[in-house]
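All of the numbers you see were taken from the coordinates with simple rules; none came from a lab. Bear in mind that the values here come from a model prediction, so they are computed numbers and not experimental data. Note: ideal-geometry Cβ built from the backbone for every residue, glycine included; neighbour counts use all protein chains shown.
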């Protein structure tokens, strides 16, 4: 799973079905960083037309704690049996040079 770093993180449908998430059955997800430390992040539900989708609560705090900047590309692996989401790689967003305005 590849993710572009943003303020909140929605979970892919395959992962939500493995976790058996529903609006009345929200769970903490184990998220392991690249140093092996595991954090537990709570999920939340949001209505999307007739269905629900799920996201992490406090995702921005996780990013700040590990100095991951907005726009970075993050690579994860999800282990279905242990239900651990593991961060495997972070690629920082390259800066864009400002072009000078033409006179």
> If you look at just the Cα atoms of the range 5-47, how large are its Rg and its Dmax in Å?
Replying inline: 11.4, 35
> Within the P(r) computed for the range 2-91, what percentage of the Cα pairs occupies the region above 21 Å?
Replying inline: 27 percent
> How far, in nm, would the chain grow between residue 84 and residue 25 when pulled straight, counting 0.36 nm per residue and subtracting the alpha carbon separation?
Replying inline: 19.5 nm
> By per-residue mean of other Cβ atoms within 10 Å, what is the highest-first order of 31-40, 54-63, 81-90?
Replying inline: 54-63, 81-90, 31-40
